[in-house]
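Single-structure report; data block below.
The values are calculated or read from the model by the stated rules, or taken from the named source; none is laboratory data. Everything numeric in this text was worked out from a predicted model, so none of it was measured. A quick note on method: Cβ atoms are made from the backbone with ideal geometry, for glycine too, and the neighbour counts reach across all protein chains shown. The area values use the complete protein model at the heavy-atom level, side chains included, leaving out ligands, DNA and RNA. Shrake-Rupley method; radii C 1.70, N 1.55, O 1.52, S 1.80 Å.
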Amino acid sequence: MDASQEDPSQMPTAHRVALLARDDRPFHVILAQQFDRELIHTLCRLAERVRVIAETRQGANFLRTLLSHKRAMLYFIQPSTRTFLSFSAACQILGLSNNEVRDSSTSSEVKGESEEDTVRVLSQYFDVIIMRHPGEGFAESIAHKLNHMRRSIPIINGGSGKDQHPTQALLDIYTLHRNFSPAGPGGVIRAFEDNPFAGKTVAFAGDLARGRTVRSLVYLLCRYPGVRLLFVAPDELQIHEDILEHVGQQNIEHELCGSLPDVVADCDAIYMTRLQDEHDLAGESKKINLEDFRLDAAMKDRFKPKLAILHPLPRRKELDVRLDTDPRAKYWEQVRNGMWMRAALLAFVFNVDGAIIDHHHSHYSH
Ligand code: NCD
């Protein structure tokens, strides 16, 4: 069988990661397992620099020159607000012009063209395809197929079915790093600690069975020995076995829990998620009692003073709006961090990260 036809999910992870890389760095961004601790820190530092440089007109103008010769396609055929808009804003920051397909009923797929051919066509016009797709393995399999095309461009996964959302996990871990690393003047983090999560407890609450952001973030957190993970969900929505197996193999301490109020006082970070009932056409999961998986303002007196509350959003009732103004609520910051992290990631994929580092060094280090 031609290598491009193999099912990637059946391959060992190291092989999958290698097929997505060029010159020892991610070329396509599909899986959270592509990011080790060093790479996560490189991207956090880069995001921090982009954020600082973008503050002045002169800095923003410099950033806009970096990818002004490139074009991005945002192929988002599943609903999205934040991921779509933050990628679009990240493109603008770097001068990368962008175009979108958000509804496959407006493409030649209605004339019988396969989705794969549609993406192959897009790859002839654009220099990167950022993709959100309901199919779990679609982004990865198309990345492999593009590897065999003469014009081969990067695919970035902006959410693949119930499986992964690696760029969300990067912005989540960036938000956690910012919370646990001491800020310098102007709130800028001068040095990200190597492992600020050792000895810390991170709880994931809600629909862990179908929340792709949780799955990707767990892979990243497993790069930090000494972190303790709590999976807080009703039995029907508990995290899947493949993730638990990975956590176990990495010797990460973890527990399955059946009630958020019971563990809230233990947590240094809580990652809330909504019920993902769009995956449940029969509506069965709507009947699950989620009362014990809500974060309520009445629990505030049990929160640690430096607790970080995260949510990938959109939220429903699982996260009390009365917590929005509490300094421990990090979810609005998390949204903004996504824009900087996605700009950093695009700069990294296009190899202009060195120019950002040089610019930062010559203008901001004294
Ligand atoms: C998440 C997603 O799409 O997986 N949203 C996002 O990208 N911020 C979470 C969700 O939809 O619940």
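Computed values, structure above
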{"read-out": "Among residues of segment 321-338, those that are in contact (Cβ under 8 Å) with a residue 60 or more places away in the chain and in contact with a strand residue (DSSP E or B) (Cβ under 8 Å, 6 or more places away or on another chain), counted", "value": "2"}
{"read-out": "Residue under evaluation Phe192, criteria (1) in a loop (DSSP other than H, G, I, E, B); (2) open to solvent by 20 Å² or more (accessible area, probe 1.4 Å); (3) at pLDDT 95 or above; (4) farther than 16 Å from Leu31 by Cβ, criterion not met", "value": "(3)"}
{"read-out": "Subset of segment 210-231 (residues that are open to solvent by 10 Å² or more (accessible area, probe 1.4 Å) and either in contact (Cβ under 8 Å) with a residue 40 or more places away in the chain or basic (Lys, Arg) (or both))", "value": "Arg210, Arg212, Thr213, Arg215, Tyr219, Arg223, Arg228"}
{"read-out": "Test result for Gly95, under 23 Å from the mean Cα position of the chain (by Cα), surrounded by 19 or more Cβ atoms within 10 Å (Cβ to Cβ) and modelled with pLDDT of 95 or more", "value": "no"}
{"read-out": "Unique residue being farther than 30 Å from Tyr364 by Cα, assigned by TED's automatic domain parsing to the domain that holds Thr81 and within 16 Å of the ligand (Cβ to nearest atom) when the list is Ser114, Ser160, Ser141, Ser108", "value": "Ser160"}
{"read-out": "Scope segment 319-339; condition open to solvent by 20 Å² or more (accessible area, probe 1.4 Å) and either within 16 Å of the ligand (Cβ to nearest atom) or assigned to a loop (DSSP other than H, G, I, E, B) (or both); matching residues", "value": "Asp324, Thr325, Pro327, Arg328, Lys330, Trp332, Glu333, Val335, Arg336, Met339"}
{"read-out": "Cross-chain or 6+ apart pairs with Cβ under 7 Å, segment 288-301 first and among the small types (Gly, Ala, Ser), then surrounded by 15 or more Cβ atoms within 10 Å (Cβ to Cβ)", "value": "Ala297/Asp320; Ala297/Leu323"}
{"read-out": "Scope segment 68-88; condition crowded, with 16+ Cβ neighbours inside 10 Å and within 14 Å of the ligand (Cβ to nearest atom); matching residues", "value": "Leu74, Phe76, Ile77, Gln78, Ser80, Arg82, Thr83, Phe84, Ser86, Phe87, Ser88"}
{"read-out": "Output for segment 249-273, where each listed residue is under 18 Å from Ser216 (Cα atoms) and either β-branched (Val, Ile, Thr) or surrounded by fewer than 11 Cβ atoms within 10 Å (Cβ to Cβ) (or both)", "value": "Gln249, Asn251, Ile252, Ile270, Thr273"}
{"read-out": "Some residue of segment 274-284 being open to solvent by 10 Å² or more (accessible area, probe 1.4 Å), within 26 Å of Val218 (Cβ to Cβ), away from the ligand (no atom under 15 Å from the Cβ) and at pLDDT 95 or above", "value": "no"}
{"read-out": "Long-range neighbours under 8 Å by Cβ, at least six apart or interchain, first residue under 30 Å from Ala54 (Cβ atoms) within segment 95-116, second at pLDDT below 80 and small (Gly, Ala, Ser)", "value": "Val101/Ser107"}
{"read-out": "Answer residue from segment 167-189, given it is more than 14 Å from Met339 (Cα to Cα) and in a helix (DSSP H, G or I) and is nearest to the ligand (Cβ to nearest atom) among those", "value": "Leu176"}
{"read-out": "Boolean, Glu284 is closer than 19 Å to His165 by Cα and charged (D, E, K, R)", "value": "no"}
{"read-out": "Some residue of segment 298-316 being part of a strand (DSSP E or B), touching a helix residue (DSSP H, G or I) at 6+ places or on another chain (Cβ under 8 Å) and within 16 Å of the ligand (Cβ to nearest atom)", "value": "yes"}
{"read-out": "Odd one out for Asn289 among (1) over 24 Å from the mean Cα position of the chain (by Cα); (2) outside any loop (DSSP other than H, G, I, E, B)", "value": "(2)"}
